[in-house]
1. Select from region 109-139 the residues that are in a loop (DSSP other than H, G, I, E, B) and of a type in the set (Gly, Ala, Ser) and write down the one among them that is surrounded by the most Cβ atoms within 10 Å (Cβ to Cβ).
2. Enumerate the pairs (first residue in region 219-248 and touching a residue at least 40 places away in the same chain (Cβ under 8 Å); second residue anywhere and basic (Lys, Arg) and open to solvent by less than 10 Å² (accessible area, probe 1.4 Å)) with beta-carbon separation below 9 Å, excluding pairs fewer than 6 apart on the same chain, so at least 6 apart or on different chains.
3. Would you call ILE45 in a loop (DSSP other than H, G, I, E, B), in contact (Cβ under 8 Å) with a residue 24 or more places away in the chain and under 20 Å from the mean Cα position of the chain (by Cα)?
4. Please indicate, with yes or no, whether at least one residue in region 137-144 is over 27 Å from the mean Cα position of the chain (by Cα) and of a type outside the set (Asp, Glu).
5. Please go through region 174-195 and give me each residue that is in a loop (DSSP other than H, G, I, E, B), touching a strand residue (DSSP E or B) at 6+ places or on another chain (Cβ under 7 Å) and closer than 20 Å to LYS110 by Cα, ordered by number.
6. Looking at (1) within 30 Å of VAL43 (Cβ to Cβ); (2) more than 17 Å from the chain's Cα centre (by Cα), which is the one condition that is false for THR198?
7. Could you grab me the full set of residues in region 64-74 that are at pLDDT 95 or above and not in a strand (DSSP E or B)?
8. Please go through region 30-47 and pick out each residue that is open to solvent by less than 20 Å² (accessible area, probe 1.4 Å) and over 19 Å from LEU90 (Cβ atoms).
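The values are calculated or read from the model by the stated rules, or taken from the named source; none is laboratory data. Being a predicted model, the structure only gives us computed values, none of them experimental. Because the Cβ atoms are built from the backbone with ideal geometry, glycine has one as well, and the counts that use them run over all protein chains shown. The area values use the complete protein model at the heavy-atom level, side chains included, leaving out ligands, DNA and RNA. Shrake-Rupley method; radii C 1.70, N 1.55, O 1.52, S 1.80 Å.
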Amino acid sequence: MKIIRQNKKKLPMSVVCTTHRRPQQLFKLLNTMEKNLFLPEEVIIIGTSINDFSMINNKKYTIKLKKVISSKKSQVFQRNLGISQARSQLLIQCDDDLLLDRNFFLNIYKNFQVNINKNYIIGSKILTSKNNVQSERWNKAYDNFIFFRIILKSLNNFKKINNMSLLSSGRIAPRLPMKLRKYKTHFKLKNVEWLSSTICYNLKKINKIKFNKTNKNKSYYEDVYFTHYNYKKGFNLILDSRVICYHQ
């Protein structure tokens, strides 16, 4: 694939992306980054071996790429290693199996454009290949099956289940309003209790936590743990319908 070089405006953002044995997915992700109308200042990719970067040639990209090899095969460790090397005040955490909308970076940045020091964590609308939100099956089950709702309410001590909340049992509830699930109009779902992996925040404002007590075999849970921790510390967790990416 030939990428045409263009002089694009750089936004004051660093991207940290962890990867492990998925060079083709990473290649596709970087191509969608390159096609964005606005670019971040840098993209830091943390792999576990040189083979993770086998399809990546820095000279083909206008994005400033930095490749780092982690001594541990741990998403948490890799991500923290990348964050420690980030130079921009705004940081985007990104998985390696995504495809980004061409306005992805610009639409995230708009949330901080007026005031970069806002206590925000911005989440993205992650869609499937059929343009459904990732949690569409969960939401359809919640909408259509009373037995499913009863089970969930019992796990929540029979309290109302809010959008993107944590149940009393500790399980996540990825409930979304219909206008965010289906409609293309701009909509922000504010003050949710947790967000998934693709997020943006101000590195200087965020409350940092250690993950020594988390299960190392389930590092994906770090995203929920991290965002919910900062939600309890007063951060406004926002799911912005303009910030779109797709799961490969």
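1. Taking region 109-139 as the starting set, the residues that turn out to be in a loop (DSSP other than H, G, I, E, B) are 110-119, 128-132, 134-135.
Checking which are of a type in the set (Gly, Ala, Ser) leaves us with 129, 135.
On the way: SER129: 9, SER135: 19.
Out of the qualifying residues, it is SER135.
2. SER219/ARG79; GLU222/ARG79
3. Numbers: in a loop (DSSP other than H, G, I, E, B): no; in contact (Cβ under 8 Å) with a residue 24 or more places away in the chain: yes; under 20 Å from the mean Cα position of the chain (by Cα): yes.
For ILE45, the condition - in a loop (DSSP other than H, G, I, E, B), in contact (Cβ under 8 Å) with a residue 24 or more places away in the chain and under 20 Å from the mean Cα position of the chain (by Cα) - is not met.
4. Taking region 137-144 and keeping what is over 27 Å from the mean Cα position of the chain (by Cα), we get 144.
Filter once more, keeping what is of a type outside the set (Asp, Glu): 144.
Looking through region 137-144, at least one residue is over 27 Å from the mean Cα position of the chain (by Cα) and of a type outside the set (Asp, Glu).
5. HIS186, PHE187, LYS190, ASN191, VAL192, LEU195
6. With (1) within 30 Å of VAL43 (Cβ to Cβ); (2) more than 17 Å from the chain's Cα centre (by Cα) applied to THR198, the lone miss is (2).
7. Filtering region 64-74 down to residues at pLDDT 95 or above leaves 64-70.
Of everything in region 64-74, those that are at pLDDT 95 or above and not in a strand (DSSP E or B) turn out to be LYS64, SER70.
8. Taking region 30-47 and keeping what is open to solvent by less than 20 Å² (accessible area, probe 1.4 Å), we get 30-31, 33-34, 36, 39-40, 42-47.
Across region 30-47, the qualifying residues are LEU30, ASN31, GLU34, GLY47.
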